[in-house]
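J.: To start, I am sharing the structure in question, which I have written as structure tokens.
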Amino acid sequence: MKIGPKYKIARRLGASIFDKTATPKFAASSAKKSKTTRPKAKSQYGTQLNEKQKARFMYGINERQFGNYVSKALAMKNRKTPDTLYEMLETRIDNVLYRAGFASTRQFGRQIVSHGHIVVNGTKVTIPSFKVSMGDVVSIREASSKKKCFANLDAVLKEMSFPKWITVDAAKREIKVVDLPVLMPSENMFDVNAIIQYYQR
């Protein structure tokens, strides 16, 4: 998905949703602008739309695909819809690679998957939206292990901290999904409940 000017989008949404905007410089710039510009009060619809856009741009998903995720989450009656939607987004293979440090951004995660560098349980995966499940093992395809895009991986993994639902074996360059991601509203950058309300209006 083509995203556009990331600084402009992040300022408009009021959140550092991209890696390049998660910097002290961006935070200082946004704070300075907020002092000189009077913020417009958002309607309930505007707030819900804003939260949806935060999530969509953060994961790099187009409108149609994001709507499909919400529809599937709403259709699952045996679980809370916000929890299901969050799990669907987090368990995308491009996001898993990002969370594990194998990709510096989700966009780069999509790229290395599309180029055939990643295998799940020994089988090559080329679809960035591929959903991993508990027990899955994600690794770099043997033929791709010496590619330039993975040259600094060992050093990166030494500095990484990982979500509790995955473990990373740096020596084997493997990611194992040991649990399912749990929605923690206080730690999340967007309001999943507001997103559900947006689609239910």
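J.: How about the stretch 117-167: which of its residues are in contact with a strand residue (DSSP E or B) (Cβ under 6 Å, 6 or more places away or on another chain), part of a strand (DSSP E or B) and of a type in the set (A, V, I, L, M)?
T.: ILE118, VAL119, VAL120, VAL125, VAL137, VAL138, ILE166, listed by residue number.
J.: Same structure, new question: Return yes when ALA73 is outside the structural domain of ALA171 (by TED's automatic domain parsing), among the small types (Gly, Ala, Ser) and either surrounded by fewer than 18 Cβ atoms within 10 Å (Cβ to Cβ) or more than 23 Å from THR167 (Cβ to Cβ) (or both) and no when it is not. Please lay out each step first, then the result.
T.: Numbers: outside the structural domain of ALA171 (by TED's automatic domain parsing): yes; among the small types (Gly, Ala, Ser): yes; either surrounded by fewer than 18 Cβ atoms within 10 Å (Cβ to Cβ) or more than 23 Å from THR167 (Cβ to Cβ) (or both): yes.
Criteria met by ALA73.
J.: Right, something else. If you check SER161, SER186, which single one turns out to be surrounded by fewer than 12 Cβ atoms within 10 Å (Cβ to Cβ), closer than 16 Å to TYR98 by Cβ and out of contact with any helix residue (DSSP H, G or I) (no Cβ under 8 Å at 6 or more places or on another chain)?
T.: It is SER161.
J.: Just give me the residues in the stretch 71-116 being in a loop (DSSP other than H, G, I, E, B) and either of a type in the set (D, E, K, R) or free of Cβ contacts under 8 Å to residues at least 60 places away in the same chain (or both), in sequence order.
T.: MET76, LYS77, ASN78, ARG79, LYS80, ALA103, HIS115, GLY116
J.: Looking only at the stretch 174-184, count how many residues are free of Cβ contacts under 8 Å to residues at least 60 places away in the same chain and either among the acidic types (Asp, Glu) or assigned to a loop (DSSP other than H, G, I, E, B) (or both).
T.: 4
This table checks each residue for (1) in contact with a Pro (Cβ under 6 Å, 6 or more places away or on another chain); (2) closer than 25 Å to LYS72 by Cα; (3) of a type outside the set (D, E, K, R); (4) at pLDDT 95 or above.
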| site | (1), (2), (3), (4) |
| --- | --- |
| ALA100 | no, no, yes, yes |
| THR123 | no, no, yes, yes |
| SER133 | no, yes, yes, yes |
| VAL138 | no, yes, yes, yes |
| ARG141 | no, no, no, yes |
| THR167 | no, no, yes, yes |
| GLU174 | no, no, no, yes |
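J.: On the basis of being surrounded by 21 or more Cβ atoms within 10 Å (Cβ to Cβ) and either closer than 23 Å to ASP169 by Cβ or in contact with a strand residue (DSSP E or B) (Cβ under 6 Å, 6 or more places away or on another chain) (or both), does GLY109 make the cut?
T.: yes
The values are calculated or read from the model by the stated rules, or taken from the named source; none is laboratory data. What you see is a predicted model; the values in this text were computed from it and never measured. For neighbour counting, all protein chains shown are included, and Cβ atoms are generated from backbone atoms with ideal geometry for every residue, glycine included.
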